[in-house]
1. Please calculate how many Å² of accessible area the chain carries per residue, with a 1.4 Å probe and no DNA, RNA or ligand atoms counted.
2. Tell me, what ³J(HN,Hα) does each residue in region 518-523 have, in order and in whole Hz, if you take phi through Karplus 6.51 cos²θ - 1.76 cosθ + 1.60 with θ = phi - 60° and put x for Gly and Pro?
3. Multiply the residue gap between Ser441 and His554 by 0.36 nm, knock off their C-alpha separation, and tell me the result in nm, one decimal place.
4. Could you give me the ³J(HN,Hα) list for region 261-266, computed from phi with Karplus coefficients 6.51, -1.76, 1.60 and θ = phi - 60°, whole Hz, x at Gly and Pro?
5. Give me the lysines in straight-line cross-link reach of Lys384: C-alpha distance below 23 Å, same-chain residues under 8 apart excluded.
6. Express the carbon and sulfur contribution to the solvent-accessible surface of region 63-114 as a percent, rounded to the nearest whole number, probe 1.4 angstrom.
7. How high is the FRET efficiency from Glu179 to Trp620, r the C-beta distance, R0 35 Å, rounded to 0.05?
8. Any chance you could run the full-extension gain for Gln56 through Thr114? It's 0.36 nm times the residue separation minus the Cα-Cα distance, nm to one decimal.
Amino acid sequence: VQGTGGSSAVSKCSAAARGYIQDRFLQLLVGRRRRRAPLVHRGYYIRARAVGHCVQDFLLKTRSHPRTQIVSLGAGFDSLYFRLKDVGLLHHTVVYEVDFPNVACQKATLIKRTKELSALVGDTGGEGLGVITFSGEDYKLLGVDLSELSELERALEEAGLDNEIPTLFIAEVVLTYMENSRSDALIQWAAEHFSRACFLLYEQMHPEDPFGRVMQQHFRQMNSALNSLARYPDCEAQQMRFFEKGWTECSVMDMNEFFTCCTPEDEQQRMQALEPFDEYEEWHLKCSHYFVLTASKGMEPSWTPLLSNMTVPHCDGPVRTAGSITAAACPMHSEVSGLRRYGHHSVLIKPNVILTTGGFGEEDGHHCRMRNFHVLIKHAGYWKAGYVKKENPDKRWDERLYHTVSCLSNSLALVVGGRTSPSSAGLGMLWLKFPETCNASEPDDITVELVSLQPAAEPAALRWRHSTTEVIFKGEKYLFLYGGRSATEPVLGDWCFLHTQELSCIVIPVEGPVPESRHSHSACSWKGGVLIAGGLGAAEQPLGSVFFLRELEHGFQWQTVETHPPPSPRYSHTAHVHDGKLLLVGGVWFHSPSVPGITVIDLITGLCLDYTINVERLEWPLMLHNHSSVFLPNEKELLLIGGGGNCFSFGTHLNLEPVSLSLSNILASH
């Protein structure tokens with residue numbers, strides 16, 4: 001448990017060094033410098049932002065009181081006291097920090113040794129005594145095990161804590177490491193013994209969905225299990241816990257809601273622009289698995305820092321479902337790990353032959369951008385898997401992620417866009433050629449030739465997380481290239497019609513209201529036009545809109561597809577059209593109690609139904625984002641390939657094998 005405190009201090013330090021949080025004291029307290037990933041920086045940014053927001057609100061609301069106090073439980077090497085003191089916010093507030101005796105001793109020694117820190121606290125004269133490892137006029141550092149409540153109470157009393165004045169307790173990912181009976185007792189003790197008290201809790205939740213299972217596993221492996229989760233799995237349970245333990249006011253929100261509602265727009269934009277970033281799914285999943293809670297009693301006026309100043313619809317209402325679909329591992333005849341990847345693309349190149357290219361995943365036992373092409377062939381009811389022979393392996397594939405592959409004939413496919421790293425420019429276009437006739441029954445029968453294009457493309461192709469969809473205009477085939485993002489533009493709303501013969505952009509008039517810019521949306525061919533659904537918009541907010549680009553005599557027209565109820569905003573999903581129905585598969589949304597399954601939209605009536613995916617038959621967590629899917633219309637079977645991602649600092653999760661869903665029931669019932 002102490003190790004988690006040290007590693008989180010190093011992460012906060014790295015986030016401060018990159019400008020996410022303003023904190024010049026962390027470096028003095030932590031010492032070691034390690035550069036963390038942008039995703040980790042964002043995670044610690046939102047944590048610091050939430051805690052800072054609530055602490056400042058407490059100090060603001062109580063400034064008319066002659067004296068107030070803050071008790072930081074499990075404070076570790078946190079710099080809160082020094083930051084508040086430095087900006088003059090502690091005129092009449094004493095800060096008490098509590099942690100394990102050896103952590104408190106280490107911190108006390110650091111403060112004494114570091115001029116800049118000891119000068120802020122003021123000269124204490126004399127060493128710390130007993131459990132009080134350091135004592136200044138407005139700062140007391142206590143070495144006590146929080147789970148020993150009577151010792152904690154005695155130490156705080158000895159250090160001068162007053163139970164009649166406004167007191168803020170802070171527990172930032174601390175209580176969950178204690179046994180529930182002990183953390184509950186601590187919450188109840190704070191409510192009962194202090195006449196005017198506030199409590200600030202920041203912690204994990206949602207243990208049972210795929211991301212939650214990976215998160216729990218990580219903490220178990222670190223020997224620091226999250227004990228609160230089983231009894232208090234969500235916001236509602238935590239809120240009830242505080243009411244039952246004697247608090248009269250309590251509000252709670254997950255970090256997606258906190259970021260959207262309690263972080264000013266200009267601050268959101270500042271943070272989003274700090275580093276090249278392309279892990280939106282994991283950022284939103286991380287935020288939906290952490291909450292901030294504030295509780296109070298005896299406070300006049302009442303303390304409610306989490307009332308948002310925006311009327312954003314509350315995202316935690318359950319999604320009504322029409323039924324469930326059972327997921328089963330694909331019947332396979334050969335075992336190849338090459339499909340453990342995400343950010344790839346899978347396409348049906350011939351009946352029963354699926355080609356998968358690119359992405360990031362597992363190759364030869366380590367994680368990397370994928371060089372190998374992979375093929376799945378269905379033969380006599382079973383799938384065979386294998387790597388594809390490249391005719392010219394020296395040709396540049398560029399190991400791309402988030403590209404598209406469009407089959408233009410039974411021997412030719414066009415690769416468009418994609419990226420290597422999010423800070424480099426998008427990649428251009430590439431032909432893939434395969435033998436025209438091919439009764440392939442073995443993966444070895446498939447060969448692919450890579451043909452570079454000179455020049456490598458229209459500039460329009462230099463993007464990723466876009467869509468490329470076949471449309472027909474005046475009897476000619478075009479690829480409609482839409483949306484996405486680039487190294488310089490975090491979200492694109494433009495499009496181009498790529499003539500499939502010349503591979504040049506042709507101007508075709510488009511009328512109607514233009515959809516807002518988006519990436520990570522879905523696009524399907526339908527009636528000669530394109531259906532665009534969902535995606536991530538300009539403010540990194542999921543979109544719920546569905547548009548149809550309809551063919552007219554002289555061009556195309558954007559039309560809004562009205563559905564009832566409207567589909568939940570989502571992105572990073574896949575989609576298919578079958579028999580007048582649009583199927584949206586998986587993705588990421590902000591309804592944290594559940595993960596997206598399959599949404600069926602009837603394009604004639606507008607009826608929109610959600611189905612959950614039943615994963616009881618799978619022995620591993622199924623993460624349905626950054627996956628690919630292929631629909632086999634004859635069997636009404638949906639194949640889910642790959643998917644997963646880098647789960648914050650909890651490790652990378654890759655779906656272990658392709659999964660099959662039979663959709664015959666839900667397609668028949670419409």
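The values are calculated or read from the model by the stated rules, or taken from the named source; none is laboratory data. Source: prediction; values computed, not measured. Note that each Cβ is placed from the backbone with ideal geometry, even for glycine, and that neighbours are counted across all protein chains shown. Heads up: the accessible areas ignore ligands, DNA and RNA and are worked out on the full protein's heavy atoms, side chains in. Shrake-Rupley method; radii C 1.70, N 1.55, O 1.52, S 1.80 Å.
1. On the way: 26720 Å² over 670 residues.
So the chain comes to 40 Å² accessible per residue, rounded to a whole number.
2. Per-residue couplings from phi come out as 7, 9, 6, 8, 10, 9 Hz.
3. Details: separation 113, 0.36 × 113 = 40.68 nm, distance 4.48 nm.
My answer for the length gained is 36.2 nm.
4. Ordered by residue, 3J(HN,Hα) equals 9, 10, 10, x, 4, 5 Hz.
5. Correct list for Lys384: Lys350, Lys433, Lys636.
6. 55 percent
7. Here the calculated transfer efficiency is 0.75.
8. 18.3 nm is the gain from fully extending Gln56 to Thr114.
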